[in-house]
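Comments concern the structure below.
The values are calculated or read from the model by the stated rules, or taken from the named source; none is laboratory data. This one's a predicted model, so the numbers in the text were calculated from it and none came from an experiment. Ideal geometry is used to build each Cβ from the backbone, glycine not excepted, and the neighbour counts take in all protein chains shown.
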Amino acid sequence: MNILAKNKETHQNSIARFQAKRKKRPSTEMLIQGIKDGNRTALSRAITMVESNLRSHKSEAQEIINHCLPLGKKSVRIGITGVPGVGKSSFIESFGIMLTKMGHKIAVLAIDPSSSINKGSILGDKTRMEDLVKDPNAYIRPSASGETLGGVAKKTRESVILCEAAGYNIILIETVGVGQSETAVHSMVDFFLLLKLSGAGDELQGIKRGIMEMADAIAINKADGDNIKSAQKAKIEFQRALHLYPPKENGWSPKVLTCSAIEQKGIESIWKMIDSYIQQAKKSSWFENNRKKQTKNWFLNTIEDRLKDNFYKDPTINEALQIQLRAVEENQTSPFTAAETLLAMQAEIWKKQ
């Protein structure tokens, strides 16, 4: 056999192996059952399908979500945010290990920032949480934030549903913490924890309104060694700042605690505080009402996303968009008029469908 024929045979065998591998892709029913059984591989494959932009995956993903929605009603969803370098990954690892030792099953949805240039993401949270990733009662899923503001991946809500259906009763959502729009994570969790540092000029940054109003608690991390005194000082400053804000609708008064993820100090106190909050919220019906409100927001956001997706992916609109963009750039038309032209065109397309 000459070299050319041998290479051709090798290439054909490679294609055959690839096609055989594709045929082994589990069915939707297998993935659903795998999730119910707590199978991590099935959960990961399902989340990948949910995150996929391929139209062929959308119907399958929707079927999986619909089957998983009724499950996992007893979960607690906790959002954790803070500026880069505050120690979110270290805190989550320490916090997560403590929770699994208490008998909980936790899922960590860690969102990594995407590059605005090449759209890539490092997705390094599994390497930063070396011990937690080995824990059989913990599941860590890093996802790229993409172009979503607030450091939350577009399909985080769906991923939460799947993790709950797989038996994880505590869901931790770690955001990028870039300060763009943390409202996104706040709208999908039961408790919102803000991590801060002391002695880094972070106290003044923290007194900005938005993020402070959303926080159910502030944890000043890295309160160890020579930093203990400055952490206590920061705690007092934040407590004073919180008094300037109106009380929360559910009657909860945000707390300020100090902790050290490295030395595992103050971590248990944070969990006791969160648990106290959840119990209080459930007794007053706030917990259930807040979940219903979040589900309605999810519904409305889905409509907005779908409309936007359909608009930009329409080939006729896309062609007209380029023309209008050039006209706007050259001041031949106003952005408002250009937008009205495209929206009117979209309405006509819908009428014909």
Next on the checklist: Checking the structure you have, find out if any residue of the stretch 256-270 is of a type in the set (Gly, Ala, Ser), touching an Asp or Glu at 6+ places or on another chain (Cβ under 6 Å) and closer than 30 Å to Thr156 by Cα.
Outcome noted: yes
Checklist entry - Does any residue in the stretch 178-191 that is at pLDDT 55 or above come within less than 6 Å, Cβ to Cβ, of a residue that is crowded, with 20+ Cβ neighbours inside 10 Å and in a loop (DSSP other than H, G, I, E, B) six or more places away or on a different chain, and which pairs are these? => result Ala184/Val152; Val185/Val152; Val185/Thr175; Phe191/Asp216
Next on the checklist: What are the pairs with Cβ atoms under 7 angstrom where one residue, in the stretch 82-96, is assigned by TED's automatic domain parsing to the domain that holds Glu263 and the other, located anywhere, is crowded, with 20+ Cβ neighbours inside 10 Å and among the polar types (S, T, N, Q)? Sequence gap at least six, or different chains.
Outcome noted: Val86/Asn221; Gly87/Asn221; Phe91/Asn221
Item to check | Answer from Arg55, Arg45 - the residue that is under 18 Å from Cys163 (Cβ atoms), among the basic types (Lys, Arg) and either at pLDDT 95 or above or not assigned by TED's automatic domain parsing to the domain that holds Gln264 (or both) | outcome: Arg45
Item to check | Any pair with Cβ under 8 angstrom, 6 or more apart, that starts in the stretch 328-353 at a residue that is outside the structural domain of Lys313 (by TED's automatic domain parsing) and touching a residue at least 60 places away in the same chain (Cβ under 8 Å) and ends at one that is surrounded by fewer than 10 Cβ atoms within 10 Å (Cβ to Cβ) and of a type in the set (Gly, Ala, Ser) | outcome: none
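Considering only the stretch 288-330, state which residues are acidic (Asp, Glu) and within 22 Å of Phe192 (Cβ to Cβ). Before the answer, list the steps.
If we filter the stretch 288-330 for residues that are acidic (Asp, Glu), which is where we start, we get 288, 304-305, 309, 314, 319, 329-330.
Selection gives Glu288 alone.
Matching residues to (1) at pLDDT 90 or above; (2) in contact with a Ser or Thr (Cβ under 8 Å, 6 or more places away or on another chain):
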residue: Gly206; (1), (2): no, no
residue: Gly225; (1), (2): no, no
residue: Lys229; (1), (2): yes, no
residue: Lys255; (1), (2): yes, no
residue: Gln264; (1), (2): yes, yes
residue: Ser276; (1), (2): yes, no
residue: Phe287; (1), (2): yes, no
residue: Phe299; (1), (2): yes, no
Checklist entry - Taking interchain pairs and intrachain pairs at least six residues apart, which have beta carbon atoms under 7 angstrom, with the first residue in the stretch 221-236 and within 12 Å of Ser260 (Cα to Cα) and the second in a helix (DSSP H, G or I) and among the aromatic types (Phe, Trp, Tyr)? => result Asn221/Phe91
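Please determine whether any residue of the stretch 143-159 is in the same structural domain as Ser230 (by TED's automatic domain parsing) and modelled with pLDDT of 95 or more. Explain how you work it out, then say what you get.
Applying the first criterion (in the same structural domain as Ser230 (by TED's automatic domain parsing)) to the stretch 143-159 yields 143-159.
Of the ones still in play, those that are also modelled with pLDDT of 95 or more are none.
Within the stretch 143-159 (the criterion being in the same structural domain as Ser230 (by TED's automatic domain parsing) and modelled with pLDDT of 95 or more), the answer is no, since none of the residues qualifies.
Each row is one residue, and each column tells you yes or no for (1) buried (at least 19 other Cβ atoms within 10 Å of the Cβ); (2) out of contact with any Asp or Glu (no Cβ under 7 Å at 6 or more places or on another chain); (3) not in a loop (DSSP other than H, G, I, E, B).
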| position | (1), (2), (3) |
| --- | --- |
| Ile64 | yes, yes, yes |
| Lys73 | no, yes, no |
| Arg77 | yes, no, yes |
| Ile80 | yes, no, yes |
| Gly85 | no, yes, no |
| Ser89 | yes, no, yes |
| Ile92 | yes, no, yes |
| Thr100 | no, no, yes |
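Given the criterion of a type outside the set (Ser, Thr, Tyr) and without any contact (Cβ under 8 Å) to a residue 12 or more places away in the chain, identify the matching residue among Lys293, Lys265, Lys255.
Numbers: Lys265 fails: without any contact (Cβ under 8 Å) to a residue 12 or more places away in the chain; Lys255 fails: without any contact (Cβ under 8 Å) to a residue 12 or more places away in the chain.
It is Lys293.
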Checklist entry - Got a sec? Which of Ala281, Ala241 is closer than 27 Å to Lys88 by Cα, surrounded by 15 or more Cβ atoms within 10 Å (Cβ to Cβ) and touching a Phe, Trp or Tyr at 6+ places or on another chain (Cβ under 6 Å)? => result Ala281
Checklist entry - Which ranges mark the helices (runs of 4 or more DSSP H) fully within the stretch 255-353 that have 2 or more residues being under 30 Å from Glu213 (Cα atoms) and of a type in the set (A, V, I, L, M, F, W, C)? => result 267-283, 286-313
